[in-house]
Amino acid sequence: MSIGEELRQARQQMGASLKDVENETKIRTKYINAMENDAFDVLPEKVYVKGFLRTYARFLGLDGDTLVTQYEEQFRPRLAAQKAGVTTRYSKPAIRWKGFAIAVLALVVLALIYRGGFVLGNLSDDIADIGQQSGTSNQYSVDEHKGQAPKTDQETKTVNMVLQVVGGESWIKIAVDNKYVFEGTLGPNHVRQFTGREKIWVKFGNAGVVNVKVNDQDYGFLDGPGQVVTRTFTKDDGQQTAGG
């Protein structure tokens, strides 16, 4: 029996409709229907399919961990094939770039050998010129530092984010200054803090259980339970919707 068949059979035996399940679990009907038909590709992100499965299983009185294990075994070959495809696509450009770098290096070496006599003949003159210029360069450096204004609070300000999960669990993905730093599922009462120099990008699989605070400003929940939300917060407390 597949995962979807087991979920659908348990729901029918309970006598619950898809709408009943949505009201109790806060999982949208189209996602419930997708799980019951083993159409897991319909869900927004593979990562938090596990959270949906555990939540739905608890409602039906099933073992959520067993269903998650079954899901991983069923879809692991497909994920492995996708990763192999990515490796294949990028291996050839890497080889071409390596060959190009070797060719450039060879040309540089030949040029140095050809001009070796000229370089050695003028080396002492170059050193003398550098010594004469060093005093002037240092003087300019001191003058420039004297004219610099101290950094303002605006220039040194950062973006500080605190996330608190309340009353459920949510898959969360975080990128700080365009670099991914966290991806996973957090349960109730979990608190995580992130700090960036310019901006923090977030994506929630269940926005209705994640309270967001940025630079001491409380944004609360960005949307309702079961909703997928993507946002970007900047150091100036600017908030904008970002692509997925």
Over region 159-195, the set of residues in contact with a Pro (Cβ under 7 Å, 6 or more places away or on another chain) and aliphatic (A, V, I, L, M) is Val165, Val166
Being under 18 Å from Gly168 (Cα atoms), of a type outside the set (Asp, Glu), surrounded by fewer than 18 Cβ atoms within 10 Å (Cβ to Cβ) and in contact (Cβ under 8 Å) with a residue 12 or more places away in the chain is the requirement here; does Gly61 meet it? yes
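Give the residue, chosen from Gly187, Gly226, Gly208, that is within 24 Å of Thr25 (Cβ to Cβ), free of Cβ contacts under 8 Å to residues at least 24 places away in the same chain and more than 18 Å from the chain's Cα centre (by Cα).
The match here is Gly187.
Each value in this text was obtained by applying a stated rule to the coordinates, not by laboratory testing. All figures in this text were calculated on a predicted structure; none of them were measured in a lab. Heads up, the Cβs are rebuilt from the backbone with ideal geometry, glycines too, and the neighbour counts pull from every protein chain shown.
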